[in-house]
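Following: one structure in structure tokens, then a few remarks.
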Amino acid sequence: MNTKLLIILILIFLPANVFTQISGVVIDKSSGYPIQYANIRIENDNVATVSDIRGNFRFSQNALNKTLVVSAIGFISERVDADSSFIRIELKTKVFIMDEAIVVAEKSNPQNSVDKHITDSVSYRNCRQSGSGNGTCSDSLGQIRKN
């Protein structure tokens, strides 16, 4: 009897935030779309979660009145105070400034078996499409094929 009374008294006098779970949504500030798989962690703690495909997240532990660190690929990380049970977090996109990229194409060796097959197929297809008059066409090795 005394243990039941003690448990009831403890439950009555426990602060309400012990049972409070934090949930929320992470969205792109510029577009308003949800951010999938954003990392949300409690600062200075080993507790973290990830947003789902709709940007929603939930902490099973009490995170109320703590600081959350939110990060996602392509976005600037944010620190947010968890002051309510539902939090809307807006992340700004991170802009990367890069130098120009130069792409160089080199002719491959047609004797290579893979390159030879691709070259032959392309040459034969081009010959068929060009409609040579005699109905024959030669591939890259000079072999004659009938259309």
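Coordinate-derived values only; no laboratory data. Predicted, not measured: the structure shown is a model, and the values here were computed from it. Glycine also receives a Cβ, built like all others from the backbone with ideal geometry; neighbour counts cover every protein chain displayed.
Neighbours of Phe59 by Cβ distance under 12 Å: Lys/Arg scored +1, Asp/Glu scored -1, total +2.
Residues Ile35, Ile76, arranged from fewest to most other Cβ atoms within 10 angstrom of their Cβ, appear as Ile76, Ile35. Over the stretch 16-91, the reciprocal of the mean inverse Cα-Cα separation, the Kirkwood hydrodynamic radius, stands at 12.2 Å. Label positions at Lys92 and Glu43, each projected 7 Å from the Cα along the C-beta direction, are separated by 1.8 nm.
For Arg58, Arg88, Arg41, what's the fewest-to-most ordering of other Cβ within 10 Å of each Cβ? Before the final figure, lay out the partial values.
Numbers: Arg58 14, Arg88 11, Arg41 18.
Final ranking by Cβ density, sparse to dense: Arg88, Arg58, Arg41.
Mind sorting Val70, Val26, Val47 by how few other Cβ atoms lie within 10 Å of their own Cβ, fewest first? Display every interim value, and only then the final one.
Working: Val70 23, Val26 29, Val47 15.
Ascending Cβ contact count within 10 Å gives the list Val47, Val70, Val26.
Each other residue within a Cβ distance under 15 Å of Gly32 adds +1 if Lys or Arg and -1 if Asp or Glu, for a net charge of +2.
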